[in-house]
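Just below is one structure, and these are the notes that go with it.
The numbers here are math on the coordinates, done by the rules we state, and not lab data. Treat the numbers as computed from the prediction; the structure is a model and nothing was measured. Positions of Cβ are generated from backbone atoms using ideal geometry, with glycine treated the same way; all protein chains shown enter the neighbour counts.
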Amino acid sequence: MGNALASGLIDLGYFQESVSTTELIGKKQNIAFPEISNFGVMIWAARDSGTPADSENSSAIFYDLLTRIRRESWAGYFIYISSAGEVYGNTGVEIANENREPSPHTPYGIKKFQHELLIQELESNNKLKTLILRVSNIYSISLHDGGVIGSILRNLKHGDRLEIYGGQQQRDFIDIGDCVKAIIKLIESKSEGIFNVASGESISILKLIEQFEDVFSKKITFELDTKFDGVTTANFSTNRLYEKTSFQPPGIKKRFNSSYKLEELETVDDQ
């Protein structure tokens, strides 16, 4: 997400400087952020919340940055990339808009929401402006996609093993290019507050597999473990995003169609 957003800003001619949290974590020493007074805008796109598999992640760096903002009374524009699915929790059949009370129930979602609250508290006590973006499931039509889309494509292309946990859980998939476009439009309009960045359409993982089978006219074999303890329903409103930007990100059903060919996946992957 961070790399894609940085590339999008560079392509539009915006000057930017990025800081790798991976390198900072690896140094195991005091965090060496650039002088924050030099920046009018800061975008936090790192996965700052701990997970059971990685309890530390980059949370310490995030807390250090907030401390510096508070101490130095930084009054710029702070954009925070959050998670729609994890923060809202199960939406059920209802459509979750930005006024819905968050109900996270995973360690990652709980911490993400806590970080949102820290940012809002910081905003109320300082002169900075904030934009919190609750992004849904990002994907790319690429063999290198790190989620279920990439796993399915690698199965189709190379016969890689495909494991599915649950299968009935719904996800709102948004193409990473569309996600970056929406975020940049919000930044350019100097939007503040909380915005869902999603397609507004959800699909179950098993239905997604069926769609891939239809597109490529090929049966997908996979191992299914029906046990699943995560978020099962994800329905997000994009009304506020559209009202502000006049942009509606298309759902995966519209983005991914029969124009893709198996033999062309490597080409698509390199673009």
Provide the gained length on full extension for the span HIS158 to LYS218, in nm with one decimal, where the gain is 0.36 nm per separating residue minus the Cα-Cα distance.
20.3 nm
If I take R0 = 30 Å and measure r between the Cβ atoms of GLU192 and ASP54 in this structure, what FRET efficiency does the formula 1/(1 + (r/R0)^6) give, to the nearest 0.05?
0.45
Taking the Cα atoms only, what angle lies between the long axis of helix 59-71 and the longest principal axis of the chain, rounded to 10 degrees?
30 degrees
Within the under-12-Å Cβ sphere about ILE119, not counting ILE119, Lys/Arg +1 and Asp/Glu -1 give a net charge of -2
List the extent of the Cα atoms of the chain along each of their three principal axes, largest first, rounded to whole Å.
58, 41, 38
Can you give the % of DSSP beta bridges in the chain that are antiparallel, to the nearest 5?
10 percent
Go ahead and set up a Gaussian network model of the chain, Cα springs under 10 Å, then flag whichever of SER199, SER82, SER37 fluctuates most.
SER37
So for each of 152-160, 122-130 I average, over its residues, the number of other beta carbons within 10 Å; can you give me the resulting order with the highest mean first?
152-160, 122-130
If you take every DSSP beta bridge whose two residues both sit in segment 115-224, what share of them, in percent to the nearest 5, is antiparallel?
15 percent
Quick check: residue separation of TYR14 and LYS253 times 0.36 nm, minus the Cα distance between them. What number comes out in nm?
82.8 nm
Quote the relative contact order of the chain in percent (integer), defining contacts as alpha-carbon pairs under 8 Å separated by 6+ residues.
20 percent
Report the equivalent ellipsoid semi-axes for segment 157-263 in whole Å, largest first, defined as the square roots of five times the eigenvalues of the gyration tensor built from alpha carbon atoms.
30, 18, 11
Can you give the local net charge around SER73? Use residues other than it whose beta-carbon is closer than 13 angstrom to its beta-carbon, Lys and Arg +1, Asp and Glu -1.
+2
Only Cα pairs within less than 10 Å get springs; with that Gaussian network setup on the chain, which residue of PRO102, PRO34, PRO250 has the largest fluctuation?
PRO34
Obtain the nm distance between the two label points defined at HIS105 and LYS207 by a simple spin-label model: each point lies 7 Å from its Cα along the Cα-to-C-beta direction.
2.1 nm
Within a Cβ distance under 9 Å of ARG255, other residues only, what is the Lys/Arg minus Asp/Glu net charge?
0
Between SER204 and residues 5 or more places away or on another chain, the pairs with built amide H atoms under 5 Å apart involve ARG171
For TRP44, the residues 5 or more places away or on another chain with a placed amide H closer than 5 Å to its own amide H are ILE79, TYR80, ILE81
The chain, helix-only ellipticity at 222 nm - DSSP H runs n ≥ 4, -39,500 (n - 2.57), divided by all residues, nearest 500:
-11500 deg cm²/dmol
If I histogram all Cα-Cα distances within segment 73-185 using bins 10 Å wide from 0, what percent of pairs lands in each bin?
12, 34, 33, 16, 5, 1
Are any of the pairs LYS111/LYS254; LYS219/LYS253; LYS111/LYS190; LYS111/LYS185; LYS181/LYS253 more than 23 Å apart by Cα-Cα distance, and if so, which?
LYS111/LYS254; LYS111/LYS190; LYS111/LYS185
